[in-house]
Number of protein chains: 6
Amino acid sequence: MFKHEKQLLEIVNVERPNPTYAVMLQEQLGGPQGELKAAMQYISQSFRIKDQAIKDIFLDIASEELSHMEMVATAINMLNGHDLQAPAASIGNIEAHVLSGLNPMLTNASGELWTAAYVNVTGDLPADLLSNIAAEQRAKVVYEYLHRQINDKHVRQMIDFLLNREEAHNTMFRDCFQKIEDTGSNRDWGVDKDARLYFNLSTPGNFIGNQLHNPQHPSFNEPQNPPQH
Amino acid sequence: MFKHEKQLLEIVNVERPNPTYAVMLQEQLGGPQGELKAAMQYISQSFRIKDQAIKDIFLDIASEELSHMEMVATAINMLNGHDLQAPAASIGNIEAHVLSGLNPMLTNASGELWTAAYVNVTGDLPADLLSNIAAEQRAKVVYEYLHRQINDKHVRQMIDFLLNREEAHNTMFRDCFQKIEDTGSNRDWGVDKDARLYFNLSTPGNFIGNQLHNPQHPSFNEPQNPPQH
Amino acid sequence: MFKHEKQLLEIVNVERPNPTYAVMLQEQLGGPQGELKAAMQYISQSFRIKDQAIKDIFLDIASEELSHMEMVATAINMLNGHDLQAPAASIGNIEAHVLSGLNPMLTNASGELWTAAYVNVTGDLPADLLSNIAAEQRAKVVYEYLHRQINDKHVRQMIDFLLNREEAHNTMFRDCFQKIEDTGSNRDWGVDKDARLYFNLSTPGNFIGNQLHNPQHPSFNEPQNPPQH
Amino acid sequence: MFKHEKQLLEIVNVERPNPTYAVMLQEQLGGPQGELKAAMQYISQSFRIKDQAIKDIFLDIASEELSHMEMVATAINMLNGHDLQAPAASIGNIEAHVLSGLNPMLTNASGELWTAAYVNVTGDLPADLLSNIAAEQRAKVVYEYLHRQINDKHVRQMIDFLLNREEAHNTMFRDCFQKIEDTGSNRDWGVDKDARLYFNLSTPGNFIGNQLHNPQHPSFNEPQNPPQH
Amino acid sequence: MFKHEKQLLEIVNVERPNPTYAVMLQEQLGGPQGELKAAMQYISQSFRIKDQAIKDIFLDIASEELSHMEMVATAINMLNGHDLQAPAASIGNIEAHVLSGLNPMLTNASGELWTAAYVNVTGDLPADLLSNIAAEQRAKVVYEYLHRQINDKHVRQMIDFLLNREEAHNTMFRDCFQKIEDTGSNRDWGVDKDARLYFNLSTPGNFIGNQLHNPQHPSFNEPQNPPQH
Amino acid sequence: MFKHEKQLLEIVNVERPNPTYAVMLQEQLGGPQGELKAAMQYISQSFRIKDQAIKDIFLDIASEELSHMEMVATAINMLNGHDLQAPAASIGNIEAHVLSGLNPMLTNASGELWTAAYVNVTGDLPADLLSNIAAEQRAKVVYEYLHRQINDKHVRQMIDFLLNREEAHNTMFRDCFQKIEDTGSNRDWGVDKDARLYFNLSTPGNFIGNQLHNPQHPSFNEPQNPPQH
């Protein structure tokens, strides 16, 4: 069951309306590395997880991503200001001015509608965790790009918070990975000679030889905070 | 801020696995009249609502729709059973057997990925409420179709619950509509003669004359439970 | 059978080319609340309607929406002018300048391609009529947004006409609804206690109590022009 | 302006309901080579055509394709029968049974929603005519595939009619092409040496030498029925 | 098997970064008439071709289109320059600045993601060849549009090369067509009276009579370079 | 530049036609974890890579993925057999029988058209490598699912080969990651307190405390084959 509290996870504010930046920030509301995607991916993956501690973490993070989505949308809403004036939102997506009445929308910065094609779910926990670690890293990258292109101190503060939270989630997913790393698709890894070959199909340039010496399943090397009940 | 409780809104159970019905039920997880669509539409619309009582109702219902999504996904997960066997899911979408490892997915029954094209947001409260009343009615219809095609008593019970909840939401949205019905796009209604013409462009057959006598904005006639603080 | 007359439903003109406004007006050619969507929704719904008077109205309106689509496209074509010059169409969708040779396209203002995901068809007449009433209301809203952002008096005149026609259609669909309001998904409404509950899932704030007093099917209260043969 | 006559372009009938074949026939209602695509492509292209005789043919054919769409949808509607029973529609798209209440839908046989990505519009008449000639040829092919997989004599008769009409349209578009073949993108053809080179990038096997002897713009060799006012 | 050589098919250069033109050029990387579409269409069609000489040509051209894609992407990459600055890319798609870190993307100029809906494959060689001839003609048209809107001499040189190559491919596909023109969907052409009728459904204006005198399958009239082993 | 050799990377064969399995195998031709997606992701990412050794590996692997795509399509083509008979392909996508004339298509097993929404490109090398490691792991998982559902020994052999190759690519991408792991989005990791917090938003159940002790950037612990010139 999901519940909602009207208080935001963190206070959101903007120095002044900025319809152009509102468009850019849409990327993290309805784009492929955005908050809705993250929430939907983790919720979808959670349904079949048997390890209760890991399932709990997935739903903790998914709830937080929904709460981030709300923060990002709140900021977009403020940045959109009060005037329908498409030419003032001079780049990308202009739907706020011709369709949604300045409401935030489930699109990326250029107007592509959010699609479940962004969501990866395999039912295999190692694969899903690697997907999530990569997704959190990409989300951080997009926040870095957005951070560089705005001077509004309140918006920067929000982005900074969200960016750091993606790092925290990244850490948590790696912690989960450590706990289950010898299961599922990580079993029976690299047993066949084909897993050790290197094919040199782009010339000039070639890799370190014809053999990959040590085909092992993915494993992270940092100290861990293993999830426990 | 969104929070999650692991207890479902209502207990979900199935008499036995039924991979074919799991596919059919996907329609209400990731289809155009499904629970995700409802949740996303109401959350998106809520960001710009100024009337706090109405905003509260939108978020009450949106939270419930997310909770319905969880119930539907839980049922699909149980109905999918434990065997990867695409030919056993003999109709529609087979992604559970070749892609998601029996996990529920954000697609409709035939495999079309969920898209934000299903979501209507206009920033105009009368229009958004009419959209929601229509959406709830359509959701009821799809549940009726699904109810007729399953004998599993637990699944029927779940569908019955969800169908009745759509009726409750429908009532609540009409209550909101009554409160604001003279605002926004309902103002300045039917003042121009073009709003009263009838064009007879499909023959044979014609309507009641050339004039629409009474072009007024939409208004519902039932007694109401007006939202209040 | 469909036939075409080269005379437009109403004359369309523009004061001068305006490539930027051409982009904005694309919203009502190929967007979710646009004319193509309306035509396709009503045609699709009509195939299974048994009441001949109502079927006639659906096809009258669908034919008119196709004719509106032609008017909107004609205006876009004139507004696009004669110069391929993408930077002059300084917002949103630039396909007219790099792909379509200044031809109108089946996309919204930001370039999203038209998709049948916008079309709602349920085979249940009350639900389909509610969908159409809501769709007409949303179309009116978008025309209001577009009207506010253009000074060209000819374009304003066209938008004014189209906006008023959406009101007329809205009236006609409500007339149909009155005639069939006790059928289909409107039967067996609110008989279960679950249809009367209020779940308070967003805090703080709550609705008028725990009970919805009067869960009845939707019904409009205005005088009517019932469709008749 | 578009008008509708309730009489179909040709009478449609079926020997008996056949929900599986209804699904297959959806391909020509809402698929990439289907009737809606054809109608939308020709209407979209017509907006900027200056030659009135050719513009007339485009709109003649577009109107006929809309009328074909109506015929195909009518057949699907009859083939769907009267029972919601998804397992009886044992292949492809099952939306008729879980979403549309047996109404035809704007999807292909496997449930992919119709998209304007199927429509090619360039604003260049030679290119648009070549697109249409190819589109009519593909439409014929799909009808051949569908014809082979049904024994219902009424359905076969309808497909036969539609297939032959695609041939007629193909002829008409070639007639138009002959009239304008030295214009637009057909001018300045093959003047550069790069237009005569052959690159042998797939081995083994190679073409007839390194030179294309006669790079001329496309031109058809049959006798013609040139469009005239 | 595909192999890659790091040397481009032709050297690509730009006079100076031009983020706006980078956006426009995206049309031919990830748009409906772009290089990726061409490569994917010809590869997909090739799988079932039995004539080895024609299959060879399809794969020669497909490989070249992949190599064109690489050239276009290389030019976009250079034009994007080194600064993340969305407002500087003042039209269309802004994803390079908020999502891809200035990397070229598989989208069109307005940000629509590439979709396989652009690809036509029928398994019928005459139809597939007509599709390809039309596709090459459209690709030429788009390059003409792009050529007119840039002064950078290096970019113009690249576009000139690519445009001429589309003409060469067009010639090669017509050569293939000549070889197989009496097969597949070209057989049994125009045997039915319905293939000779003209329906006058758009008024005023009408075609040259009620009969199409000579309904023959498509056939090109230029001298040929027939593909041979 | 891309070149093609008609010899497949590995010989492909099937024991007998199996139209149902052909549909299932489509998942790895045109699905989100399939070969086309992999090739397009690595090619797209490669355009902006400055480290020549890593760029070489990306293009080696991308070329191999294109070659895998060719193998998978060849197998589908053989499995489709020679008869257009949609009911024989009794699950999922039926386009081979109504649209493509038994040609393989760029869709997943349920008919969803391939979309560039599957492709992740960020311009940040650590993020892109993590995306690729996850993508290879998911591709392995899907091959495992497909392997379990077929008895045809030739098909099993092909899947086995492809699955092992994904492991090899996974290893190679981790080797690249080790080389650049202190760059880009991995710099300035975990410096803010927000990167160390744990939010307990799903109840009951909670993680290991309120602090993540060691928020470091991702790093793999296996021995490596670092890419070198």
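The values are calculated or read from the model by the stated rules, or taken from the named source; none is laboratory data. No experiment lies behind these values; they were computed from the predicted model shown. Cβ: placed from backbone, ideal geometry, glycine included. Neighbour counts: every protein chain shown. Surface areas here come from the heavy atoms of the whole protein model, side chains and all, with no ligands, DNA or RNA. Shrake-Rupley method; radii C 1.70, N 1.55, O 1.52, S 1.80 Å.
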Hey, can you tell me all the residues within segment A:111-121 that are open to solvent by less than 10 Å² (accessible area, probe 1.4 Å), farther than 24 Å from A:Val12 by Cβ and free of Cβ contacts under 8 Å to residues at least 40 places away in the same chain? A:Ala117
Give the residue, chosen from C:Leu59, C:Leu9, C:Leu36, C:Leu29, that is closer than 24 Å to E:Gln26 by Cβ and within 12 Å of chain D (Cβ to nearest Cβ). C:Leu29
So is E:Asp128 within 14 Å of chain F (Cβ to nearest Cβ), of a type in the set (Asp, Glu) and over 30 Å from A:Ala135 (Cβ atoms) or not? yes
Of the residues in segment E:80-101, how many are among the aliphatic types (A, V, I, L, M) and closer than 22 Å to E:Lys37 by Cα? 2
Subset of segment F:73-122, residues more than 20 Å from E:Met40 (Cα to Cα), small (Gly, Ala, Ser) and not in a loop (DSSP other than H, G, I, E, B), comes to F:Ala86, F:Ala88
Collect the residues in segment B:34-70 that are closer than 17 Å to C:Pro204 by Cβ and hydrophobic (A, V, I, L, M, F, W, C), keeping them in residue-number order. B:Ile49, B:Ala53, B:Ile54, B:Ile57, B:Phe58, B:Leu59, B:Ile61, B:Ala62
Quick check on segment C:64-85: of everything there that is farther than 25 Å from C:Phe2 by Cβ and buried (at least 24 other Cβ atoms within 10 Å of the Cβ), which residue is farthest from the other protein chains (Cβ to nearest Cβ)? C:Leu79
Condition first: without any contact (Cβ under 8 Å) to a residue 12 or more places away in the chain and surrounded by fewer than 24 Cβ atoms within 10 Å (Cβ to Cβ). Can you find one or more residues in segment D:91-110 that meet it? no
Let me spell it out: the conditions are (1) facing another protein chain (nearest Cβ under 7 Å); (2) farther than 22 Å from F:Ala75 by Cα; (3) aromatic (Phe, Trp, Tyr), and F:Phe161 meets all of them except one. Which number is the exception? (2)
Go through segment B:41-63 and report how many residues are in contact (Cβ under 8 Å) with a residue 24 or more places away in the chain, open to solvent by 10 Å² or more (accessible area, probe 1.4 Å) and touching a strand residue (DSSP E or B) at 6+ places or on another chain (Cβ under 9 Å). 0
Could you please tell me which pairs satisfy a Cβ distance under 8 Å, a separation of 6+ or placement on different chains, a first residue in segment D:126-140 that is in contact (Cβ under 8 Å) with a residue 60 or more places away in the chain, and a second residue that is among the aliphatic types (A, V, I, L, M) and not in a helix (DSSP H, G or I)? D:Asp128/D:Val121
Please go through segment E:173-209 and pick out each residue that is out of contact with any strand residue (DSSP E or B) (no Cβ under 9 Å at 6 or more places or on another chain), assigned to a helix (DSSP H, G or I) and facing chain D (nearest Cβ under 7 Å). E:Ser185, E:Asp194, E:Ala195
What tally of residues in segment B:148-172 results from selecting those that are touching a residue at least 12 places away in the same chain (Cβ under 8 Å) and outside any helix (DSSP H, G or I)? 3
Please work out which residue is farthest from the other protein chains (Cβ to nearest Cβ), limiting yourself to segment D:40-55 and to residues that are closer than 25 Å to C:Trp114 by Cβ and assigned to a loop (DSSP other than H, G, I, E, B). D:Ile49
Residues satisfying the stated conditions in segment C:83-119, i.e. modelled with pLDDT of 95 or more and over 24 Å from D:Trp114 (Cα atoms): C:His97
Going residue by residue through segment D:2-12, is there one that turns out to be part of a helix (DSSP H, G or I), farther than 28 Å from C:Val72 by Cα and modelled with pLDDT of 95 or more? no
Test for C:Lys37: is it assigned to a helix (DSSP H, G or I), open to solvent by 10 Å² or more (accessible area, probe 1.4 Å) and not small (Gly, Ala, Ser): no
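Results for (1) closer than 29 Å to B:Val142 by Cβ; (2) open to solvent by 30 Å² or more (accessible area, probe 1.4 Å); (3) of a type in the set (Ser, Thr, Tyr), shown as yes or no for each residue.
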{"position": "C:Asp152", "(1), (2), (3)": "no, no, no"}
{"position": "C:Arg156", "(1), (2), (3)": "no, yes, no"}
{"position": "C:Asp160", "(1), (2), (3)": "no, yes, no"}
{"position": "C:Thr171", "(1), (2), (3)": "yes, no, yes"}
{"position": "C:Gly190", "(1), (2), (3)": "yes, no, no"}
{"position": "C:Arg196", "(1), (2), (3)": "yes, yes, no"}
Of residues in segment B:12-26 being open to solvent by 20 Å² or more (accessible area, probe 1.4 Å) and within 14 Å of chain F (Cβ to nearest Cβ), the one farthest from D:Ile94 (Cα to Cα): B:Pro19
Select, from A:Ser185, A:Ser219, the only residue that is surrounded by 21 or more Cβ atoms within 10 Å (Cβ to Cβ) and among the hydroxyl-bearing types (Ser, Thr, Tyr). A:Ser185
Sole exception among (1) open to solvent by 50 Å² or more (accessible area, probe 1.4 Å); (2) facing another protein chain (nearest Cβ under 8 Å); (3) within 27 Å of D:Ile57 (Cβ to Cβ) for D:Leu146, by number: (1)
